[in-house]
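Below is one structure, written out as structure tokens, with a few remarks after it.
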Amino acid sequence: MLMMKMRKVLFLLMVVSAFPASGLAANRIEVHGHRGARAVRPENTMPAFEYAIAQGVDVLELDMGVTKDGVVVVSHDSVLRPPVCTGPKPEAVIHASTLAELREFDCGKVQNPQFSKQQTVPGTRIPTLDEVFALASKGTFRFNIETKIDPRHPELAPAPEEFVQKVLAVIRKHKLEKRIILQSFDFRTLHAMKKLAPEIELSALISGPVKSYVEVAKESGAQIISPEFHSVTPELVKAAHEAKLQVVAWTANQPAEWDLLLAAGVDAIISDDPAGLIAHLKSTGRY
């Protein structure tokens, strides 16, 4: 009996030695609240971010545009229009409008038909990045912020360098350099940030299948690769990890999708339903 107990102890010691503390910590999956928590609150709004913080997210994911008067605001779309925002006119181009003009739009009045559980919050206005960063004192969560910029439509955003300069000014105002991930499909903004503030973590957003996350990292200069979740494979993730890269998949909302990403070995998942994802991860011992 004593010999059997000793063998069990030796086996446990071998398991622990095989998985050092850093490896165990890496087993935990980070949760990014997509546009705050789009499944249950109006996207990219203060109510959505406050809800996500209350649920315990690791990271607030959000999108940025720049107004005509040079204010960095939080919006996925470059043009405010229903159902996300409704106002005194059918639509408003962010980069061609002042902040005051954009705040005539209500971005919480209408439920997004894609999300049956989304609660409306009438009277919700488009937030500034400055206002969202003011939430930093509510926890130790980080911010994954995306530059909404498209080289095919230069009229909808400032030039990459100017965009990044404005964003960096707000980051530095709040002293959040160590809590920021800058993400983008437009790698010009990632390169611009790397020149201005190499301490800021960078994430390369990609859609569709790719041959190698490692090659994407070389092209973008990013330490994080953020693919659309359908394209994620264990092989791509393994190669990324061998190159000391992180993989943050977007945007998965169902348990079956989460399980596939867990099996693939991703480091984090971006979800419209962060509370549901957290509960699921806790049930699997990954949070």
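No value in this document is a laboratory result; all are computed from the given coordinates. Being a predicted model, the structure only gives us computed values, none of them experimental. Virtual Cβ from ideal backbone geometry, glycine too; neighbours counted across all protein chains shown.
Odds and ends about this structure:
- Angle in degrees between helix 255-264 and the longest Cα principal axis of the chain, rounded to the nearest 10: 60 degrees
- Inverting the pair-averaged 1/r between distinct Cα atoms of the chain gives 20.0 Å as its Kirkwood hydrodynamic radius.
- Sorting the segments 254-265, 48-59, 27-38 by their residues' average number of neighbouring beta-carbon atoms within 10 angstrom, most packed first, yields 27-38, 48-59, 254-265.
- In summary, the range 129-186 shows an alpha-carbon radius of gyration equal to 1.20 times the 2.2 N^0.38 Å reference for compact globular proteins.
- Between helix 274-283 and the chain: long-axis angle, C-alpha atoms, 0 to 90°, nearest 10: 0 degrees
- Helical mean residue ellipticity (222 nm; -39500 (n - 2.57) per DSSP H run of 4+; nearest 500) of the chain: -10500 deg cm²/dmol
- Protection proxy ranking, highest mean first, for peptides 160-168, 88-96: 160-168, 88-96, where packing is the per-residue count of other beta-carbon atoms within 10 Å, averaged.
- Cα centroid separation, the range 200-232 to the range 88-126: 31 Å.
- Relative contact order of the chain, pairs being alpha-carbon contacts under 8 Å that are 6 or more residues apart, as %: 19 percent
- Nearest-ten-degree value, helix 160-173 long axis tilted from longest Cα axis of the chain: 70 degrees
- Rounded FRET efficiency, nearest 0.05, which uses the C-beta distance separating Lys178 from His230 and R0 of 25 Å: 0.20
- Pairs over the 19 Å Cα-Cα cut-off, from the set Lys166/Lys244; Lys218/Lys244; Lys238/Lys282; Lys173/Lys244; Lys109/Lys138: Lys166/Lys244; Lys238/Lys282; Lys173/Lys244; Lys109/Lys138.
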